[in-house]
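A short worksheet on the structure shown next.
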Amino acid sequence: MAVQDIIKYTYKDIFSVSTVQFKKACKIDHSVQQNAYSIYWIKEGKGIYNIDFEQYNFEDNILFFLSPGQVFTVDSEEIKTAYKITFVRDFYCIQTHDKEVACNGILFNNIYETPFVKPCEKDTKKLNFILESLIDEFQQEETAQYDMLQSYLKQFMIFAVRVQKENHIIKENTETRLFKDFSTLVEQNFRKMHAVTDYANRLGVSPKSISKHFQKLGTKTPSDFIKNRILLEAKRLLIYTDKTVKEIAFELGFNDPAYFTRFFTKGISKSPLQFKKEF
């Protein structure tokens with residue numbers, strides 16, 4: 001592939017847009033653990049991606065949204081036209097602006113089965129217009145550019161949320177609020193808090209209430225949610241760091257490395273060292 005086939009626009013290393021235009025489908029080496037929020041739009045292409053160790057197939061015109069820390073690897077791909085939007089929390093915090101954009105839990109930190117948003121032809125034209133306006137703004141360097149860039153990013157995400165709502169039954173905010181509060185607390189504390197009771201106490205509700213709420217949403221149990229988050233972080237640390245199993249165990253709140261090994265092995269049917277060796 002030629003260097004000119006990939007163009008990157010950057011604003012102060014906190015926000016960027018990369019465009020890909022190949023004459024024929026190619027593979028791009030972008031298997032990585034995310035250190036920022038990323039939006040991928042594969043307009044023309046197909047492939048198999050692994051997102052947090054789960055495999056997904058796609059073909060043409062899909063968007064997906066990754067949060068910092070997520071592991072994204074490519075099994076196979078043939079990409080002809082694609083875009084990647086990347087931003088850090090300092091540029092745009094999805095938690096702070098969630099009431100305005102409603103993207104957290106729908107686009108990022110997705111609680112639904114598929115991580116992909118698939119726009120129709122009409123939606124594609126609208127998203128394309130917003131993206132072209134965004135790229136144009138990168139090249140202007142005019143007054144209040146930060147605000148304009150942030151505005152276009154917000155528009156892009158709001159429209160993506162609308163597309164997802166058109167294609168999927170999205171739970172109302174009142175139904176997902178406890179789930180979001182619980183998942184946020186888990187994200188902040190899973191390294192030291194492993195019991196549902198601890199989170200229930202923080203939220204001022206009973207463990208039974210949380211379990212019933214999760215059951216209504218049709219998602220995994222609260223204890224499984226915590227367990228899976230710990231296992232996911234363990235996998236990330238095993239693959240992307242040089243830390244020993246003992247160091248990872250202590251980092252994830254296990255006082256006994258042997259217990260952590262049993263916990264991990266029971267969760268994925270492989271020991272930590274076996275998982276690291278086979279990945």
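Listed values, structure above:
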item	result
For the range 173-278, convex hull of alpha carbons as volume per residue, Å³	108 Å³
Estimated 222 nm signal from helices in the chain, with DSSP H stretches of n ≥ 4 weighted -39500 (n - 2.57), rounded to 500	-14000 deg cm²/dmol
Distance histogram for the chain (every C-alpha pair counted, 10 angstrom bins, percent rounded to whole numbers)	6, 25, 33, 24, 11, 1
Cα shape, the range 234-275, gyration tensor, a/c 1.5 rule	oblate
Proximal aspartates and glutamates to residue 227, defined as alpha-carbon separation beneath 20 angstrom and excluding residues fewer than eight positions away on the same chain	52, 54, 113, 181, 187, 198, 247, 251, 256
Those aspartates and glutamates that a straight Cα-Cα span of less than 13 Å connects to residue 180, excepting residues fewer than 8 apart in one chain	98, 172
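Each value in this text was obtained by applying a stated rule to the coordinates, not by laboratory testing. Quick caveat, the model's predicted, so the values are computed rather than measured.
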